[in-house]
Amino acid sequence: MEYRKVTREDISGLAEAMSKAYSEQPWYENWTKEKAERRVSAILGNYQALGLAAVENGSIIGGLLGYIDPYAEEDFFFVSEIFVIPERKRQGIGKQLLHELEQILKDEKIDVVQLISIDYNETFYSKCGLDRDSCSVQYKRI
C-alpha cells in the first residue's frame, strides 16, 4: 500500500473510488463519472488544496481531499472528502490517510483539522482523535 499526494492525473481514479465508497450504506448515492470528477476537481481547485491517495496495485482505493482554510488567528485544514472503496473499509486505510495528512500539516505549521461528518461516522473519527465541535451545519433546500 502506498500513500501519496495526488496530481491532476489522479482525478479519474479518485472519482471512481469516491463513487464506489458512497454507493453503499449509509449514503446509497449514485454518482455519474462526470459528476464525481467535477466534485474531485472542484475540491482540488480550492486555495492550497491537497489530496492524498491510498494506492494498491496501481489503483486508487481511498482518498482524502481538502484545502487550507485561512482564518483570523490560525489556518485550518478543511477535509472535504475522505473515502475508501467498500471492500477495503475497516482495514485502517482511512485512519492512515488522516495520519499522513497530519504529518504533512505539521510541516506546514497547521495545527487544526476540521471536517463535517454524519453521525454514522462519528465513532471512526473519534478513534482517529477528532472531537466533536460545538458547531452545527445549517441548510435549507430551496
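The values are calculated or read from the model by the stated rules, or taken from the named source; none is laboratory data. These numbers were taken from a predicted model, which means no experiment stands behind them. Cβ: placed from backbone, ideal geometry, glycine included. Neighbour counts: every protein chain shown.
If the condition is being in a helix (DSSP H, G or I), surrounded by 11 or more Cβ atoms within 10 Å (Cβ to Cβ) and without any contact (Cβ under 8 Å) to a residue 12 or more places away in the chain, then segment 3-37 contributes only LYS35. Contact map, segment 38-51: residues that are free of Cβ contacts under 8 Å to residues at least 24 places away in the same chain and loosely packed, with under 14 Cβ neighbours inside 10 Å paired with residues that are among the aliphatic types (A, V, I, L, M) and not in a helix (DSSP H, G or I), Cβ distance under 7 Å, separation 6+ or inter-chain. Pairs shown: TYR47/ILE68; GLN48/ILE68. Reported count of residues in segment 65-89, each being assigned to a loop (DSSP other than H, G, I, E, B), within 19 Å of LEU115 (Cβ to Cβ) and either among the basic types (Lys, Arg) or within 16 Å of the chain's Cα centre (by Cα) (or both), is 1.
Starting from residues that are touching an Asp or Glu at 6+ places or on another chain (Cβ under 7 Å) and not polar (S, T, N, Q), keep the ones in segment 1-35 and report whichever is farthest from LEU115 (Cα to Cα). Residue satisfying both the conditions and the ranking: MET1.
Of TYR47, TYR22, TYR28, all but one fail to be within 16 Å of the chain's Cα centre (by Cα), modelled with pLDDT under 95 and either farther than 26 Å from MET1 by Cβ or β-branched (Val, Ile, Thr) (or both); the exception is TYR47. Out of curiosity, is SER59 in contact (Cβ under 8 Å) with a residue 40 or more places away in the chain, in contact with a Gly (Cβ under 8 Å, 6 or more places away or on another chain) and over 24 Å from VAL113 (Cα atoms)? Here the answer is yes, as SER59 does meet what is asked. Scanning segment 57-77 for residues that are exposed (fewer than 14 other Cβ atoms within 10 Å of the Cβ) and farther than 12 Å from ALA17 by Cα returns ASN57, GLY58, PRO70, TYR71, ALA72, GLU73, GLU74. So is ILE104 β-branched (Val, Ile, Thr), at pLDDT 90 or above and either out of contact with any helix residue (DSSP H, G or I) (no Cβ under 7 Å at 6 or more places or on another chain) or over 20 Å from ALA15 (Cβ atoms) (or both) or not? Yes; evaluated as a whole, the condition is true for this residue.
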